[in-house]
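The structure under discussion appears below in the form of structure tokens.
The values are calculated or read from the model by the stated rules, or taken from the named source; none is laboratory data. Computed from a prediction, not measured in an experiment: that's the story for all the values here. When we count neighbours, we look across all protein chains shown, and the Cβ atoms used for this are built from the backbone with ideal geometry, even at glycine.
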Amino acid sequence: MDENEATFHSGGNGATPWQPRIIGFLCYWCSYTGADNAGTARMKYAPNVDVVKVMCSGRIDPDLIGKAFANGADGVLVLGCHIGDCHYISGNHKTMVRMPLVRRVLEGMGIEPERFRHEWVSAAEGEKFSRLVTEMTEQVRALGPLNWRERLHACGVGHGMDLAPWGEERP
Amino acid sequence: MNGNGKLKIGMYWASSCGGCDISLLEIGDKILDLIQIADVAFWPCAADFKYQTVAGYPDGYMDICFFNGGVRNSEQEEVARLLRKKSKLLVAYGTCASDGGIPALANMNSVAEIFDAAYHSNPSIDNPNGIEPRPHVETAVGTLEIPTFYPAVLNLGQIVHADFAIPGCPPQAEDVWEAIGALVSGATPQHNGDRRIGCTSRSVCDECVREKKMTRIAAFRRHHMFRPEPGWCLLEQGAMCLGPATRGGCGALCPQAGMRCEGCYGPAPGATDQGSAMIGAIGGMLEATTEKRAQEMVDEIVDPPGTFYRFSMATGNLKVAQKH
Amino acid sequence: MSETVQAGDHKASVDGDQPRVGVFVCRCGGNISDIVDVDAVARRLSDVRGVVCATTHQFFCSDPGQALIEQSIKEHNLDRVVVAACSPSLHEITFRRAVARAGLNQYLFEHANIREQVSWVITDKSAATDKAERLVRAAVARTRRLAPLQKRRIHIRPSVLVIGGGVAGLTAARDLAARGIHVTLIESSPFLGGRLAQLHRIFPTGQRARDVVTPLIEEVASNPNIVIHTNAELERASGFIGDFHTVVRIMPRGVSEACTNPQEVIDSCPEETVDGFNLGLAKRKAIYMPYAGCYPPVPAIDWRSCTKCGACFEAAAGKGIDLDEKPREVMIAAGAIVIAAGLNTYAPRHGEYGYGQFQEVVTLAQLNRMLDPTGPTAGKLTVNGRSVRRVGFMHCVGSLQHEGIHKPMRDGRINQYCSRVCCTTTMHAAEEIKDRFPGVQVYDFHEDIRTYGRRHESYYDHVCQQGVAFIRFDPLRPPTVEADTKGEFPLVVKTTDRLTFGEELEVPLDLLVLATGLVARDMSKLVDLYRCSVGADRFLLEVHPKLRPVELAAFGLFLAGSVQGPMDIAESTAAAAAAASKASALIKAGQIELDPFVARVDEHHCSGCKVCLYVCPFTAIERNDSTKTARVNEALCTGCGTCVASCPCNAIQQQGFEDSQVESELMALLAGKPPAEELLAAV
């Protein structure tokens, strides 16, 4: 069995009740450490946000957010250092420009704004992290599954012999 | 090659404007050279070919078939599958076939909204009985069938395997001729591992004569709002030029003429989602140093999905908007 | 220059060969296994393609735990390792080393955090187990894409540039030179000694500040390993760890050592101006020395007030005076840089507690000058020639500011932090006033008192016994200062006292001392030249307050003293000694190995669009104009990956965080089979 063929899925029709599947992109120096801080303090929060660690929030390519939604995420949470506290001086300034733009594109594509959240979490803000995770989980749960992958299949994407995008090898 | 030893070539138009068919003629005199070595086996835009004729060809009969336009309905899908079967090489010709192109912008609207605009609410429509096309209609003489309208425009590659793609809206004649030359000679055309031909392996910036001064964008300006300074990067001047995120091959025609690149050659090499690539690129280019100013500048951009995915909605990550 | 280290690794299969992954799930003595069913995680993972062994242990960080990992690598011929345990910030290095000991490249390792981010935060055991499984699957997916990496090795030039000639810079320079390292010390003002020279007596020893700073300066000035440039301004900088090139502009002093009669020369000057050293409490000449015994013992000309009348030139008989001296540039090459640029005291706004309105309102720094017997008032406590009978101290002026109460600073932010030194300085000054002027009544207005340091609390205890009156105000309703209408005293402070349950008080005073806080200097040039990280409080920001407290994120830069935040003298010297020791460790090693997570440009894909040049916070990317492609300077690259997200052609990849690696992790987290029947029915 491949790791990409696991038994979990984010569709709403499994035996167990549907759980929001949220991807959290976290910078290492502030937000990831903040998440560790929540753990050290034994703060309890929802299990629905799966963390992808990057060194700086400036590394969070908008492409990753699109890919997350397109491949089954019900929500995406982007966390970085507060403005002025970036370990890499100004990496988060790029995040500060990109994320509002990503939000506008997502809104244009009909993805509810509650499914995408972009916040600053410092290494000391474990409480904020745990609160954000739980809030995010609940606001996404209230919206229900996004099922973008299924939506694309319903529109015919992937019916061809090779899958979009270009560049994939012929099977 | 069958019978007379000449190549059999085809050209089909699906969801497209017809510009691609014209662009093929832009090769000029060379069309005569082409006819010396190739028979046109199928080209509905130029002559009267029937689908039945194509269906009657043996599999792989056509050596090269160019397919322009995206796939929006069941007829186009059926023909795409038919042509795939009857062609040795199926080439997505033009940006609609390779990335969805302008027609795929309609993916931001639901079928109901499109029908409403096309058959009811547009001011020029005269449709007192509110008739909409339906795939099956019972009439006195029997059942009439017309193609089913699909929920989205897809690029050719999502319907069938395409061997190569020639991007561009429309593709530039010289590049097309070069690609055809390679294809007819049986050689694998030069490509960058992504089977895109008739284009460069770099972005539009590579061909652009305008220089970056390394100044940051102070405010976004649309092209009717200012006269760009010559020789200076349009993006730095505040025009949302998609050059950095767009495949080169056009020779940077638009920026040369003072018009921002709208992205018609689709994503730059190495990238698949043109809009994300552009958003990533401009992330560091704004003058904004506060969140408030960044938000203000972002709010100045008109229609972000339509701007960043003008020609590549079908190969973007999301492809289709969610409409309730 | 950098080069690649050839570590002893054995073959590692990249794409093509099927990787052999070992998964090690730690119980952490119950910390993980009480919530996460680690056996189930290991069992489920053993079915994943490429996973050759999946096992658990009580503590993988223990010696037997690490031995098990090493043994498994050899036994199963593993070429990828995933350890699911605590946060990578704790034991990533431990496990990388274990992996390396087994002969595998240490970067073919991935750490899944299932303690801090799973077992300690999730209560539902089944949800926690599922989440742990997802995270480990994602880590496995990521490792499959990993490639062996080599650390970068940089050679280090054996010299250090110290920026700042205050107590921290002097200490750092002395310590570095004592280890035989060549030091260049630059100071922007004409004299060494910084703020310490301005102080009067310092806690907790009660020594005269001058008695501390003078021997330190002498030690530095006499050391042949140290070159000192005063009046030196940063001009340009280039280079990177091991090989920084800094150009400083030496501003004209106007006077050289050839001047043999400095005091006569100073006396000859007809121009008087505000004495900055005495904080505006006195006047000085345009050609001046701040205090007797200063270093260099050579006067300097203050060009803003000098009229070039030539009086000094005549007094010196032309020796050592050059009124037309020009600035000159000096290039300093250094392997490391110690930044000891110091800080400023908060300048109260006009009208803040009457400052600027009443001559009787002064800052704590000014009081310090007044208490100095060699200072402007010759140590007398007088204002306008009148002896002081009652003095008040106002705490937290410019510190612990509150949103809505205090006006923001120029950058729009308020100073929410505690300046740390002002409380003890206040107690120390109050004690001295009580000792030297027993008749003077002392009032202390505070929101809070933090005499936090070792032996600091005793000052508080002592002044309590001496009869200083403490009044605790409500920070949201700070005291007001007005002219005393009864005329007996110049000032009256009106406040409520929380110690007496909100009693309204009016305290008439002769002198109000504002315990002004400490603020960062304007370091924009320094920050810009060396790419320093700056905190929200405007002070320079260390990599980690506990793990790497005196290092900046940009390699080869070390923080000494209060450039990093408010510190007292003891803390500044301790920080400076730490910075010097860190810098000398680097210099003495002669070379350094850096993490290999740097960005690389695929020149084949690069279109030369320059987008990455805008985003690099460390100016590590340059464009080769002949090939029209970008290139990353690996010695400058700190591995943030910002350029990766900006490259529209995906021509830049960050080693260890390549798109394919991050994406495979993402896809594994989102793994799921779409229900097939539904899809087929859809079209």
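Quick notes on this structure:
- Within region A:139-156, residues that are facing chain C (nearest Cβ under 9 Å) reach partners that are among the acidic types (Asp, Glu) and outside any loop (DSSP other than H, G, I, E, B) with beta carbons closer than 8 Å, at six or more positions or on different chains, in the pairs A:Glu150/C:Glu678; A:Gly156/B:Glu77.
- Qualifying residues in region A:29-75 (those that are at the interface with chain C (Cβ under 7 Å from one of its Cβ atoms), assigned to a helix (DSSP H, G or I) and not small (Gly, Ala, Ser)) - the one surrounded by the fewest Cβ atoms within 10 Å (Cβ to Cβ): A:Thr40
- One residue stands out in region C:144-161 among those that are within 16 Å of C:Arg96 (Cα to Cα) and touching a Leu at 6+ places or on another chain (Cβ under 7 Å): the one that is surrounded by the most Cβ atoms within 10 Å (Cβ to Cβ), namely C:Leu146.
- Condition check for B:Gly266: at the interface with chain A (Cβ under 9 Å from one of its Cβ atoms), under 20 Å from B:Leu105 (Cβ atoms) and either buried (at least 17 other Cβ atoms within 10 Å of the Cβ) or polar (S, T, N, Q) (or both): yes
- Hits in region C:23-52 (condition: assigned to a loop (DSSP other than H, G, I, E, B) and either at negative phi or of a type outside the set (Gly, Ala, Ser) (or both)): C:Arg27, C:Asn31, C:Ile32, C:Ser33, C:Asp34, C:Ile35, C:Val36, C:Asp37, C:Ser46, C:Asp47, C:Val48, C:Arg49
- Of all positions in region B:157-177, at least one carries a residue that is among the aliphatic types (A, V, I, L, M), within 18 Å of B:Gly69 (Cα to Cα), surrounded by 13 or more Cβ atoms within 10 Å (Cβ to Cβ) and touching a Cys at 6+ places or on another chain (Cβ under 8 Å).
- Strands (runs of 3 or more DSSP E) enclosed by region B:1-73 - at least 3 residues per element that are in contact with a helix residue (DSSP H, G or I) (Cβ under 9 Å, 6 or more places away or on another chain): B:7-13, B:38-42, B:62-68
- Taken together, B:Gly168, B:Gly130 contain a single residue that is of a type in the set (Gly, Ala, Ser), in a loop (DSSP other than H, G, I, E, B) and farther than 30 Å from B:Lys6 by Cα, which is B:Gly130.
- Those helices (runs of 4 or more DSSP H) of region B:192-300 in which at least 2 residues are within 29 Å of B:Val176 (Cα to Cα), of a type in the set (Gly, Ala, Ser) and touching a residue at least 40 places away in the same chain (Cβ under 8 Å), considering only elements entirely within it, cover B:274-282.
- Residue count, region C:628-646 (criterion: touching a helix residue (DSSP H, G or I) at 6+ places or on another chain (Cβ under 7 Å), within 9 Å of chain A (Cβ to nearest Cβ) and not in a helix (DSSP H, G or I)): 2
- Residue selected from region C:222-253 under the condition modelled with pLDDT under 95 and small (Gly, Ala, Ser), by the criterion farthest from C:His155 (Cα to Cα): C:Ala237
- Strands (runs of 3 or more DSSP E) contained in region C:206-275 and holding at least 2 residues of a type in the set (D, E, K, R) and in contact (Cβ under 8 Å) with a residue 24 or more places away in the chain: C:232-240, C:243-250
- Candidates C:Gly392, C:Gly412, filtered to the one that is among the small types (Gly, Ala, Ser) and free of Cβ contacts under 8 Å to residues at least 60 places away in the same chain: C:Gly412
- Whichever residue in region C:599-627 is more than 8 Å from chain B (Cβ to nearest Cβ) and basic (Lys, Arg) and, among such residues, is farthest from C:Ala651 (Cα to Cα): C:Arg623
Yes or no, residue by residue, for (1) surrounded by fewer than 19 Cβ atoms within 10 Å (Cβ to Cβ); (2) polar (S, T, N, Q):
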site: C:Gly590; (1), (2): yes, no
site: C:Arg600; (1), (2): yes, no
site: C:Glu603; (1), (2): yes, no
site: C:Val611; (1), (2): no, no
site: C:Glu622; (1), (2): yes, no
site: C:Asp625; (1), (2): yes, no
site: C:Arg631; (1), (2): yes, no
site: C:Cys637; (1), (2): no, no
site: C:Gln655; (1), (2): no, yes
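- Residues considered: C:Val507, C:Val519. Of these, the only one that is surrounded by fewer than 23 Cβ atoms within 10 Å (Cβ to Cβ), in contact with a strand residue (DSSP E or B) (Cβ under 9 Å, 6 or more places away or on another chain) and under 30 Å from A:Tyr88 (Cβ atoms) is C:Val519.
- Selection count, region C:45-78, where residues are among the charged types (D, E, K, R) and at pLDDT 95 or above: 4
- Which numbered condition C:Glu110 misses (of (1) in a helix (DSSP H, G or I); (2) within 14 Å of chain A (Cβ to nearest Cβ); (3) at pLDDT 95 or above): (1)
- Test: C:Arg477 is without any contact (Cβ under 8 Å) to a residue 40 or more places away in the chain and touching a Leu at 6+ places or on another chain (Cβ under 6 Å): no
- Which listed residue is within 14 Å of chain A (Cβ to nearest Cβ) and outside any loop (DSSP other than H, G, I, E, B), from C:Val82, C:Val162, C:Val121: C:Val82
- Filtered residues of region B:23-53 (kept if hydroxyl-bearing (Ser, Thr, Tyr) and surrounded by 12 or more Cβ atoms within 10 Å (Cβ to Cβ)): B:Ser23, B:Tyr51
- Index of the failed condition, B:Ala321 passing every other in (1) in contact with a helix residue (DSSP H, G or I) (Cβ under 8 Å, 6 or more places away or on another chain); (2) at pLDDT below 95; (3) within 7 Å of another protein chain (Cβ to nearest Cβ); (4) within 27 Å of C:His605 (Cβ to Cβ): (4)
- Among the residues of region A:84-138, the ones that are assigned to a loop (DSSP other than H, G, I, E, B) and either more than 7 Å from chain B (Cβ to nearest Cβ) or of a type in the set (Gly, Ala, Ser) (or both) come to 14 in all.
- Restricting region C:278-301 to residues that are buried (at least 19 other Cβ atoms within 10 Å of the Cβ) and small (Gly, Ala, Ser) leaves a set whose member that is nearest to the chain's Cα centre (by Cα) is C:Ala300.
- Scanning region C:66-79 for residues that are buried (at least 22 other Cβ atoms within 10 Å of the Cβ) and either assigned to a helix (DSSP H, G or I) or polar (S, T, N, Q) (or both) returns C:Gln66, C:Ile69, C:Ile73.
- Qualifying positions in region C:180-201 - among the basic types (Lys, Arg) and touching a His at 6+ places or on another chain (Cβ under 9 Å): C:Arg201
- Some residue of region C:657-669 being within 7 Å of chain A (Cβ to nearest Cβ), part of a loop (DSSP other than H, G, I, E, B) and at pLDDT 90 or above: yes
- Answer from C:Thr480, C:Thr495 - the residue that is assigned by TED's automatic domain parsing to the domain that holds C:Val442, more than 21 Å from C:Thr425 (Cα to Cα) and surrounded by fewer than 18 Cβ atoms within 10 Å (Cβ to Cβ): C:Thr480
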